[in-house]
Every structure is written in C-alpha cells, then in structure tokens.
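In what follows, a single structure is set out as structure tokens and then discussed.
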Amino acid sequence: MQKILVISLLFFTPVLQAAQQGILSQTELTTLLSAPERPAADKDRDVTRQPVSVMAFTRVSSGDNVLDLAAGGGWYTELFSRAVGPQGKVYAQNDEVIWRFAEKSMNERTLDNRLANVQRLDNIAIANMTVPPASVDIAFTALNYHDLFFTQTMQDGKQVILRNEVVDYRSALAAIKTVLKDTGILVIIDHVAKAGSGYEAANNLHRIDPNIVKFQLEDAGFKLIEEAYYLRNSADDHSKLVFDPTIRGKTDRFMYKFVKQ
C-alpha cells in the first residue's frame, strides 16, 4: 500500500506550497518516462525504481533547478533533465569515488550535448561544488548516500582503498544547504541496513542504517518533513549485499524529504 507520512505539515506549509506550484502531474510524468528518446535500458529499470512515484514525491516542476548528487551514470539525471525542460537546469555531481565507476556511462548519456540543460560536476566533492548559492529547488540522491562512507572494495580478490577516510558529512551537507533555496527540498533514497550497523554496512553491503541519515541531517540543520513507503520491502532482511542476485532491485529502501531549518 502506497502512503506518505507528513510531519509537522502546518509548520512547513509555506515550503510545501511553494514546492507544489506547477508540479508535474502523474500523467505528465508517465508521458515523460515513455518518451522514445529515453534509452531502452533505462526503461527496463522502471519497475523496480518506480520513478513516477519517486519524482511525484519530489514535486518536480518545469523550470526547476535540480542537483542530482552522486548521480552515477545519470539515470535520474536524464529524468530530471526531461522534467524541468529547457527553462530548468540539472547539476549532475559525482565525487572521485563514484566517478571512477560512472565515467563511461555518463559520457555516453551526455554525448553530443544530448541533455543540453545538464551541467556535469565530474570528480568533484560535494563540499567543492560550483553551484550558485540559494539556486536549487531540489537536491536529490538515490541509493548513494551510503557512498559518503564507502572507503574500500574488493577487486580480483584484492582490497582496493577508495578513500583514506569517510567523507565529512557536515561539510557535504553544509554545501547542500548553501545551494538550496529557502523553499528547496532534499530527497534521500537508500538501501536499508540493520540498526546499529554503522559505516561498515556501506563497505560490506552498500547499505546504511536510516537512523544515521536522520541523525546526520538533523545535526546539519535539516528537518525531516515526509517519508514515503513506495520502495519498502519487508521481505528484505537487510543482511545481503545489494548486488546479490536474490535481492538486487528489490532491496528495502527508505525515502526521506528534508527542508532547511
């Protein structure tokens, strides 16, 4: 059953009203997803990612400025590019760790200025982004917040160090807060890890304890105002690597919406 929990709605009514003006309808979002120019490989992932519900949750509007954080190969970058249209803009950010895995896919997606309203921020840490202050309507990250704490991986049976230490979440979230408009929102989607699993779940399972996310966002001056349950899956016991074929594409995922306090 699809439902949304709204927290402190009355207090945040001005923010929500501003975000709702001119938002794309479910019909418009569905049409956007079926566009013939959209890659077939992207469409194949719609069933598990439920992009109509997710983008409706962001209340994206034509003309918005969107910051796609840890954009990877740009799956959501493309959707937001089409949603905001020529009057809008999408910043696609990837830091040094994500970029090493995403470079080929992002280059292919944006070849020959294919997504003209996208500005790539390649191999750039969140804290070092060159985005104008108070210019972003929606900051968004899907399935990659845990990568702030992803420091090592195994390749060909050998341990590869990706970062010397975890990203300073306070600096990263401060940068996001700076570029968001006062009416802007931050949406975070990620794979659920067991409570108390700490940062090790990011390295071993590519998951994160939702309590870590909520604590860090509150600590950085954000307020949780909505939680959506479109991507929850009670059959996932949170013990498996998200790439395990028995759970891939079906992980239990939280989806939070924050505003600046």
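The values are calculated or read from the model by the stated rules, or taken from the named source; none is laboratory data. From a predicted model like this one, the values you see are computed outputs, not experimental measurements. With ideal geometry, Cβ positions are generated from the backbone for all residues, glycine too; neighbour counts draw on all protein chains shown. These area figures cover heavy atoms from the full protein model, side chains too; ligands, DNA and RNA do not enter into them. Shrake-Rupley method; radii C 1.70, N 1.55, O 1.52, S 1.80 Å.
Just a few scattered comments:
- Residues whose amide H falls under 5 Å from that of GLU226, counting only those 5 or more places apart or on a different chain, are ILE7, LYS257, with hydrogens built in the peptide plane.
- Around the amide H of PHE254, modelled in the peptide plane, lie the amide H atoms of ASP190, VAL192, all under 5 Å away and 5 or more residues distant in sequence or on another chain.
- Under 5 Å between amide hydrogens, built in the peptide plane, is the criterion, and for TYR91 it picks out VAL66, LEU67, ASP68, GLN119 among residues at least 5 positions away or on other chains.
- Sparse-neighbour loop sites [GluC sites (Glu not before Pro); the range 152-261; at most 16 other C-beta within 10 Å; DSSP]: GLU165
- The range 221-250: trypsin sites (Lys or Arg not before Pro) falling in loop per DSSP and having at most 12 other Cβ within 10 Å: ARG248
- Surface accessible to a 1.4 Å probe, per residue, for the residues of the range 113-155, Å²: 40
- On the beta carbon distance between PHE101 and ALA35, with R0 = 30 Å, the FRET formula returns roughly 0.70.
- Of the solvent-accessible surface of the chain, computed with a 1.4 Å probe over protein heavy atoms with every protein chain present, carbon and sulfur atoms account for 51 percent.
- Over 24 Å between alpha carbons, listed pairs LYS240/LYS260; LYS104/LYS181; LYS177/LYS257: LYS240/LYS260; LYS104/LYS181
- Taking the Cα centre of the range 198-261 as reference, the dipole from Cβ charges on Lys and Arg (+1) and Asp and Glu (-1) amounts to some 240 debye.
- With contacts taken as Cα pairs under 8 Å and at least 6 residues apart, the range 80-209 reaches a relative contact order of 25 percent.
- Stretch gain in nm, segment THR27-GLN155, where the contour uses 0.36 nm per residue and the Cα spacing is subtracted: 41.7 nm
- Shape of the range 192-247, Cα gyration tensor, a/c cut at 1.5: oblate
- Using the rule -39500 (n - 2.57) for each DSSP H run of four or more residues, divided by the residues of the chain, the 222 nm mean residue ellipticity is -8500 deg cm²/dmol.
- Overall form of the range 95-135 per C-alpha gyration tensor (a/c, 1.5; a/b vs b/c): oblate
- Rounded if a/c under 1.5, otherwise prolate or oblate - the chain, Cα gyration tensor axes: rounded
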